[in-house]
Amino acid sequence: MSLQGGCFCGAVRYVIDGDTFNSTLCHCSDCRRMTGAPAVAWVSAAMDHFRFSQGNATTFRSSDHVLRSFCSTCGTTLTYQDDRYPDELDISTATLADPAAIALGDHTFVNERLPWMRLHDGLPEYPRTRSEGQGG
């Protein structure tokens, strides 16, 4: 599989050459504040399957173990990298040229979901992370 995407202004473009996994809609407050959206869709890929094909993203540490990237020209959030999973990279699904190519798989951090954001899609919901499991 090969997917392409980039930022709003077109200054930064990327390619994913390989399979993706862990497609989620994250409801955590950090993602909300980073994007100004009520939730953010992410899809994961192996680090060695992702490359920037045009321009360079700007990075910063949003916490001790998280490195995020964005376009310094238009501000588009592009990637999320957790040092605890060094071989994986999360890519903002909405920045794909065809975001509909990735089906949503679940919801994470629903314990932080805004009370007015209710989705009835029947997908698994995790109070925090997928690895912590589903809860009541």
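The values are calculated or read from the model by the stated rules, or taken from the named source; none is laboratory data. Remember, predicted model here, so these are calculated numbers, not experimental data. Cβ placement follows ideal geometry from the backbone for every residue including glycine, while neighbour counts extend to all protein chains displayed. Ligands, DNA and RNA are stripped out before the accessible areas are found, and what is left, the full protein with its side chains, is counted by its heavy atoms. Shrake-Rupley method; radii C 1.70, N 1.55, O 1.52, S 1.80 Å.
Here are the numbers for this structure:
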{"item": "Whole-number accessible area per residue in Å² for the chain, which is evaluated in the context of all protein chains at 1.4 Å", "result": "54 Å²"}
{"item": "Neighbourhood charge, 9 Å Cβ-Cβ cut-off, centred on S44 and excluding it, Lys, Arg +1 and Asp, Glu -1", "result": "-2"}
{"item": "Carbon plus sulfur fraction of accessible area for the chain, probe 1.4 Å, in percent", "result": "51 percent"}
{"item": "Helical mean residue ellipticity (222 nm; -39500 (n - 2.57) per DSSP H run of 4+; nearest 500) of the chain", "result": "-1500 deg cm²/dmol"}
{"item": "Where labels lie 7 Å past Cα in the beta-carbon direction, separation of A11 and A46 in nm", "result": "3.2 nm"}
